[in-house]
Every structure is written in structure tokens, then in C-alpha cells.
Amino acid sequence: MDTNELYEHGRARFEHAAARRLLREKYQAKLIFAHAGGMWCAGPELLALLQAMPVDGDVVILDLYQNPVRVAASEMRHLTFERWQEQMTAWLIEHEEIAAKR
């Protein structure tokens, strides 16, 4: 490899890493949603917490800003899982496009 090829290879790897980082930030922001007067981040932690809660009735949990909020457990579980799955699917599609370009 000559110097020019090394430079291009290094540049392509840097651009790929930057694109992946940007993609992560984009979808992390899309995981945040408002519900029942609180702000939530659909993620494994919230999903696990909601899975441990009773199915029917209201529960009180802390939102992103550490405020206690009363929510309907089943509705919150459904909304969180729906948001999570929607964004993860979109993220996967874009990630595969970036990987194919590499």
C-alpha cells in the first residue's frame, strides 16, 4: 500500500465510525417520549421495570427527570415496547445500509 491508499483507508474507517456514532445519537433521541405528564426513554431498563410491575392498575415510577409519575402499567408497557421496536427496526435498516457501503 502506498501512502495515498493508507490515507484513503484511514479516512473511510473514520467516516464509517462517525456515521455509526451519528446514527446512534439520532436513534437515542427518538427513543424519548412524553406520556402521562412524564418524559420517558424507551429502553431495556424501562421495559424490564414495566415487565416486573402488575399488569392491571396504576403504578408510580420515576421518569427521566426523577419525578414520580402515576401511569397505567399495561398502557405504558405497550407504548414503551412499541416505541422501542419501531426505533430499533429503523436503526437496524440504516445500520445495514452503512455497513454495506463500507
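Between ALA99 and LEU62, what FRET efficiency comes out of the Förster formula 1/(1 + (r/R0)^6) with R0 = 30 Å and r the beta carbon distance, rounded to 0.05? It would help to have the intermediate numbers written out before the result.
On the way: r = 36 Å, r/R0 = 1.21.
After rounding, the FRET efficiency stands at 0.25.
For Kirkwood radius over Cα pairs in Å, pick the label among (i) 14.8; (ii) 15.5; (iii) 15.9 that corresponds to the value derived from the coordinates.
Read-out from the structure maps to (iii).
Order of VAL55, VAL71 from fewest to most other C-beta atoms within 10 Å?
Working: VAL55 9, VAL71 22.
The most exposed by this proxy come first: VAL55, VAL71.
Determine the relative contact order of the chain: mean sequence separation of Cα pairs under 8 Å and six or more apart, normalised by residue count, in whole percent.
Once normalised by length, the contact order is 28 percent.
Values quoted throughout were computed directly from the atomic coordinates according to the rules given, and no laboratory measurement underlies them. Here the structure is a predicted model, which is why all the values come from computation and not from measurement. As a convention, Cβ positions derive from the backbone with ideal geometry for all residues, glycine included, and neighbour counts pool all protein chains shown.
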